[in-house]
Amino acid sequence: MSQEQKTSIFQAKTIAEARLWKQREIALIGQTLGFVPTMGNLHRGHGSLIAEAKKQCDKVAVSIFVNPIQFGPNEDFEKYPRTLEADLELCTKLGADMVFTPSVSELYSRALEQSSFVDVPEELTNKLCGKFRPGHFRGVATVVSKLFNIIQAHKAFFGEKDYQQLLVIKRMAEDLNYACEVIGLPTVREADGLAMSSRNQYLSAEQRELAPVIFQILTQLKIQVREQNISIKKALETARTDLKIVGQDKLKFDLQYLDACDPNTLEIISNDAQNPDLHPEIVFLIAAKLNEVRLIDNLKV
Ligand code: AMP
């Protein structure tokens, strides 16, 4: 039995197949298309994007592509979990209509030195994750731009879990005049608050037990700043110290950043006794490593 029959979803493995499907199933009959770009190893977080796309659009396309150019040389591109069979099943179950699974060689048909890239301005890309993952957002913006051009959806759905990525994509779509509307959706969490992520499966049992501290820290920040009128500066200092002392000798968080930012511009914001005015909207963003596993999360307050 072929894969298509088993999962009853159309799998476009090439750009030409994806374009033909779009033409036949969407353009010719005046339907609307929602698009969910992913790197696969789908979980309930991805599922929530597919379900919302299904609600808002007639048809839904999901892409599954582990994008080599958004990984740094010492990152997890090779070992990133690839689970196509299970992913196709989940897409079918959630009512997606097409899954696009291009090859690296087709999407990047030229040597990288001869390729074109999409660079979103540094004010959005050189801070937070961008500081620790040089070239990452260039890789993300470039692949999403390619996928937008191939799929030509009316709406594309992204998770707020990758908050900086969402803003980068929104900015790219606006600056480059994509007709596709970029929609951000809330983070889906495990029962203990840990943001769902394909990388959570790298965590050992002990690391997994410690990981929800990240969301606890964000929740504590929200309570201190919004309910207890503690300044952002003080609350962040406490949070950074708390994160340092939690865990045991061999199992400690390695904090990359914990900042308060404007949710639209990602400008760092603060307040203290001298400067007590509180910004009306704040997003707290964090990235921390547990040994080799890098976890990110954020909370808008
Ligand atoms: P990825 O496969 O990790 O590249 O993610 C594909 C899309 O799913 C991105 O828009 C992510 O922000 C989104 N996503 C990942 N994890 C979650 C989550 N826990 N909740 C909501 N969306 C998520």
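The values are calculated or read from the model by the stated rules, or taken from the named source; none is laboratory data. Keep in mind it's a predicted model, so treat the numbers as computed, not measured. FYI the Cβ positions are ideal-geometry reconstructions off the backbone, even for glycines, and counts take in every protein chain you see. Ligands, DNA and RNA are excluded from the accessible area calculation, which covers all protein heavy atoms including side chains. Shrake-Rupley method; radii C 1.70, N 1.55, O 1.52, S 1.80 Å.
Quick notes on this one:
- Segment 70-120: chymotrypsin sites (Phe, Trp or Tyr not before Pro) in DSSP coil with no more than 16 other Cβ atoms inside 10 Å: Phe77, Phe117
- Candidates Val60, Val104, Val283: whichever shows maximal mean-square fluctuation once the chain is modelled as a Gaussian network with Cα springs under 10 Å: Val104
- Sparse-neighbourhood loop sites, trypsin sites (Lys or Arg not before Pro) in segment 198-298 - DSSP loop, at most 11 other Cβ within 10 angstrom: Lys250
- Estimated at the nearest 10 Å², the accessible area of Ser8 is 90 Å² with a 1.4 Å probe.
- Heavy-atom accessible surface of the chain: percent carbon and sulfur, 1.4 Å: 49
- For segment 46-155, the set of trypsin sites (Lys or Arg not before Pro) satisfying both a DSSP loop assignment and a count of at most 10 other C-beta atoms within 10 Å is given as Lys79, Arg110.
- Choice from Val62, Val118, Val99 showing the highest fluctuation, given a GNM over the chain with Cα pairs closer than 10 Å: Val118
- Within-9-Å neighbourhood charge of Val188 [Cβ basis; K, R +1; D, E -1]: +2
- In Å², nearest 10: area of Thr32 left accessible to a 1.4 Å probe: 50
- Per residue, the convex hull spanned by the alpha carbons of the chain comes to 148 Å³.
- The residues of the chain expose, per residue, 49 Å² of accessible area to a 1.4 Å probe.
- Pairwise label distance in nanometres, Glu237 with Thr83, each label 7 Å out on the Cα-Cβ vector: 4.4
- Only Cα pairs under 8 Å and 6+ residues apart enter the sum, and on that basis the relative contact order of the chain stands at 16 percent.
- For His43, His154, His279, the ranking by accessible surface with the largest value first comes to His154, His279, His43, using a 1.4 Å probe.
- Cross-link pairs exceeding 23 Å in C-alpha to C-alpha distance, out of Lys22/Lys161; Lys22/Lys54; Lys93/Lys300; Lys93/Lys170; Lys54/Lys79, comprise Lys22/Lys161; Lys93/Lys300; Lys93/Lys170; Lys54/Lys79.
- Taking each residue as 0.36 nm, the span from Asp249 to Asn126 lengthens on full extension beyond its C-alpha to C-alpha distance by 41.1 nm.
- The chain - mean residue ellipticity at 222 nm from DSSP helices (-39,500 (n - 2.57) per run, n ≥ 4, rounded to 500): -10000 deg cm²/dmol
- A straight line joining the Cα centroids of segment 7-39 and segment 239-301 runs 39 Å.
- Springs between Cα atoms under 10 Å define the GNM used for the chain, and in it the highest mean-square fluctuation of Thr265, Thr219, Thr92 occurs at Thr265.
- Global geometry of segment 198-300, whether rounded, prolate or oblate, following the gyration tensor of its Cα atoms and the 1.5 cut on a/c: prolate
- Value of relative contact order over segment 198-300, rounded to a whole percent, pairs C-alpha under 8 Å and six or more apart: 28
- Residues with amide H under 5 Å from that of Lys289, placed H, sequence gap 5 or more: Asp254, Leu255, Gln256, Leu295
- Ala111 paired with Gln201, simple spin-label distance in nm, labels 7 Å along Cα-to-beta-carbon: 3.6
- Measuring with a 1.4 angstrom probe and ignoring ligands and nucleic acids, Ile245 comes out at about 120 Å² accessible.
- Between the Cα long axis of helix 136-151 and the first principal axis of the chain there is an angle of about 30°, rounded to the nearest 10.
- In degrees, nearest ten, helix 163-175 long axis to first principal axis of the chain (Cα): 50
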